[in-house]
Amino acid sequence: MKPLSELKLKVLDLLKEDARRSPALLATLLGVTEDEVSVAIAELEEDNVIVKYATVVNSGKLDDEKVTALIEVQITPERGRGFEAIAERVYLFPQVKSVYLMSGAYDLLVEVEGRTLKEVASFVSDKLSTLESVLSTKTHFILKKYKQDGIIFEDPEEDRRLMISP
């Protein structure tokens, strides 16, 4: 894989901040033509560097309560395929949002989402931990998200101190 051009790296940085930015705005910000930006974006999409444009949602502002858990999974790698085979089996479950190969005390970190704590617990006990290569799991439920993908979810608190007059 060849390294990305400076223009493509700058376009990526700006789109990561706000994917709604138009090629015209990006061109203005970068001091290049709109066509150059459009070609760069098209190539990034074609090369699967840009995979998807997604919205980051502050779920704390929704009535639709969901339960999210991070699960540490220790596994036995499969001969000839290593961690790939078990990772693929895990990420194909619809409850699984993300899967990461980790260094350290466990092998995979799995992010799971469900409607209730019981639903997530059932997934872990009935589906994930029963996979042949899985040696152990440790589940951590997310209580509150303060920041995700560089976005802070907390509303800034207003200053409630009384004004002091001289």
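At R0 = 22 Å, how high is the FRET efficiency between Asp63 and Ser122 if r is their beta carbon distance? Nearest 0.05 is fine. Numbers along the way, then the final one.
Working: r = 23 Å, r/R0 = 1.07.
Computed FRET efficiency for Asp63 and Ser122 comes out at 0.40.
Sites listed here are GluC sites (Glu not before Pro) in segment 1-72 whose DSSP assignment is loop and whose Cβ has at most 10 other Cβ atoms within 10 Å: Glu65.
Computed over protein heavy atoms with a 1.4 angstrom probe, the accessible surface ordering of Thr137, Thr55, largest first, is Thr55, Thr137.
Over the chain, average the accessible area per residue using a 1.4 Å probe and give it in Å², no decimals. All intermediate terms of the calculation are to be shown ahead of the outcome.
Working: 12590 Å² over 166 residues.
Per-residue accessible area for the chain comes out at 76 Å².
Remark: accessible surface ordering of Phe83, Phe123 (largest first) is Phe83, Phe123, probe radius 1.4 Å. Taken along the Cα-to-beta-carbon direction at a fixed 7 Å, the label points for Thr130 and Thr76 span 1.9 nm.
Report in % the part of the accessible area of segment 6-47 that belongs to carbon and sulfur, leaving out ligands and nucleic acids; probe 1.4 Å.
Values: 1370 of 2750 Å².
It is 50 percent, rounded to a whole number.
Computed as a quarter of the hull surface, the mean projected area of the alpha carbon convex hull for segment 6-47 stands at 2.6 nm². Between Ala24 and Ser103, the distance separating the two model label sites (each 7 Å from Cα on the Cα→Cβ line) works out to 4.7 nm.
The per residue volume of the convex hull around the alpha-carbon atoms of the chain is 227 Å³. Once you reduce segment 93-166 and segment 17-31 to the center of their Cα atoms, the two points are 32 Å from each other. Placing unit charges on each Cβ (+1 for Lys and Arg, -1 for Asp and Glu) gives segment 1-68 a dipole about its Cα centre, and among Leu30, Ser59, Leu44 the Cα reaching farthest toward its positive end belongs to Ser59. Between Glu46 and Phe93, the modelled labels are 3.9 nm apart [label points 7 Å from Cα along Cα→Cβ].
Greater than 18 Å separation of Cα atoms is the criterion. Which listed pairs, Lys61/Lys97; Lys66/Lys144; Lys8/Lys97; Lys10/Lys97; Lys66/Lys97, meet it? Flagged as over cut-off: Lys61/Lys97; Lys8/Lys97; Lys10/Lys97.
Let me check I've understood the local charge: for Arg89, count other residues with C-beta under 14 angstrom from its C-beta, Lys and Arg +1, Asp and Glu -1. What total comes out?
Working: positive: Arg81, Lys127; negative: Glu78, Glu84, Glu88, Asp107, Glu132.
With Lys, Arg at +1 and Asp, Glu at -1, the neighbours total -3.
The values are calculated or read from the model by the stated rules, or taken from the named source; none is laboratory data. The shown structure was predicted, so the numbers you read here are calculated from the model rather than taken from an experiment. Cβ atoms come from the backbone with ideal geometry, glycine included; neighbour counts cover every protein chain shown. When the accessible area is computed, the model is the full protein with side chains, heavy atoms only, and any ligands, DNA or RNA have been set aside. Shrake-Rupley method; radii C 1.70, N 1.55, O 1.52, S 1.80 Å.
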